[in-house]
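The values are calculated or read from the model by the stated rules, or taken from the named source; none is laboratory data. For clarity, every value in this text was computed on a predicted model and none was experimentally measured. Neighbour counts are summed over all protein chains in view; Cβ atoms, including those assigned to glycine, are modelled from backbone coordinates with ideal geometry. Protein only, heavy atoms only, side chains kept; ligands, DNA and RNA dropped before computing areas. Shrake-Rupley method; radii C 1.70, N 1.55, O 1.52, S 1.80 Å.
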Amino acid sequence: MELKEVTKTEGTMDIQDILKPENLVYQKTKLLTDTPMHYCPGCSHGVVHKILAELIDEMGIQERSIGVAPVGCAVFAYNYIDIDWQEAAHGRAPAVATGISRVNPDAFVFTYQGDGDLASIGAAEIMHACNRGENILVVFINNGIYGMTGGQMAPTTLEGMVTATTPYGRNTDLNGYPMRITNLIAQLPGTSYVTRQAVHTAGGVRKCKRALKKAIQNVLDKKGTSFVEVVSTCNSGWKMSPVASNKWMEENMIPYYPLGDMKDSVKGEHSEN
Amino acid sequence: MARVIGAVVVDKEECKGCSVCVEACPHDVLALHFEVNSKGYHYSYMKSPEACVGCANCGVVCPDTCITVYRTKAS
């Protein structure tokens, strides 16, 4: 690792006195591979990958973890987290995860899907997998756009939002309304923990990590499907800088997709709030 | 009360210059360098290292996990 850019600090302490292994407070978890991520600069995918890798490492379930990668920007997720992975057809990750978790009841199985994958082409699969209460974790990245294919409108695109296929903004008469799919899923009795988080600030990342930890624990305790939506940015698709898109997300996405837990119980019980 | 002092090491070849860490830093320690790395990105570096308290906010928000954070009490 490069140390050149770190200059000597003012005062008595030399920078080399600080950069010692015993002073280490944060470093890349060993579950993340050395492959550079192909994501655009500032993409929320990298942060969510990192949180998942940290949690799998901290909970000591690397050998039991099986991820199901989607079609979309996260299609190469299997290159970045050092666990077992299976690639699914577009939108079919919950169906594939169902099979994996039923033949490996002790495995921690999760799907990692975007909004084009989960809320559009895979809407039937996710609804039925959650309704059956499959013992899986679903990580849903909602950035309101199809990022990989060039920024087309997704079901979660906000009203008036300009995309490649809605150049005058999403018109609700023509294109329908933005879909709060997490709210729909919270009503299904098969789910145990349904929450919506964001990773645009350090506090948000820490909260999201706590939520994902609880969701993973629910899967390990066989409580039913856990569903974690992460409201994210797509700075390339939105055509903004990473910092500006974080700000835009806070001002526009979060009012429509409010953060917080929607359901926290066990499979078969209704406790939606 | 002993003053807490920190330092961060940015892997400048991994950094994509998104500047999310620059925004996340509460003490304005980080900035983007005027030079670019081999990918052509203006990488993040410690502009004012004396202000760092090692809160690790930069490392937590970094999408490419290229920041390592150290913290100790100032002697």
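Points worth noting:
- Taking the conditions (1) closer than 19 Å to A:Gly147 by Cα; (2) crowded, with 24+ Cβ neighbours inside 10 Å in turn, A:Gly91 satisfies each one other than (2).
- Annotation: A:Met262 fulfils all but one of (1) away from every other protein chain (no Cβ under 14 Å); (2) modelled with pLDDT of 95 or more; the unmet one is (2).
- Residue list for segment A:160-184, filter: β-branched (Val, Ile, Thr) and without any contact (Cβ under 8 Å) to a residue 60 or more places away in the chain: A:Val162, A:Thr165, A:Thr166, A:Thr172
- Residues that are within 13 Å of chain B (Cβ to nearest Cβ) and crowded, with 18+ Cβ neighbours inside 10 Å occur at least once in segment A:59-78.
- Looking only at segment A:240-262, and only at residues there that are among the hydrophobic types (A, V, I, L, M, F, W, C) and either closer than 24 Å to A:Leu188 by Cβ or touching a residue at least 24 places away in the same chain (Cβ under 8 Å) (or both), the one that is most open to solvent (accessible area, probe 1.4 Å): A:Leu259
- Selected residue (only one of A:His45, A:His38 is open to solvent by 60 Å² or more (accessible area, probe 1.4 Å), under 26 Å from A:Glu250 (Cα atoms) and not hydroxyl-bearing (Ser, Thr, Tyr)): A:His38
- Taking chain B as the region of interest, the strands (runs of 3 or more DSSP E) fully inside it that hold 1 or more residues being more than 7 Å from every other protein chain (Cβ to nearest Cβ) and among the aromatic types (Phe, Trp, Tyr) are B:30-36, B:42-46.
- Against the test of being touching a helix residue (DSSP H, G or I) at 6+ places or on another chain (Cβ under 6 Å) and over 15 Å from A:Met253 (Cα atoms), the options A:Gly224, A:Gly147, A:Gly203 yield a single qualifying residue, A:Gly147.
- Pair list, Cβ under 8 Å, 6 or more apart: segment A:16-37 residue more than 14 Å from A:Ala77 (Cβ to Cβ) and more than 7 Å from chain B (Cβ to nearest Cβ), other residue of a type outside the set (A, V, I, L, M, F, W, C) and part of a helix (DSSP H, G or I): A:Thr29/A:Lys50; A:Thr29/A:Glu54; A:Thr29/A:Asp57; A:Lys30/A:Asp57
- The helices (runs of 4 or more DSSP H) found entirely in segment A:129-239 include none that carry 1 or more residues being buried (at least 24 other Cβ atoms within 10 Å of the Cβ) and of a type in the set (Asp, Glu).
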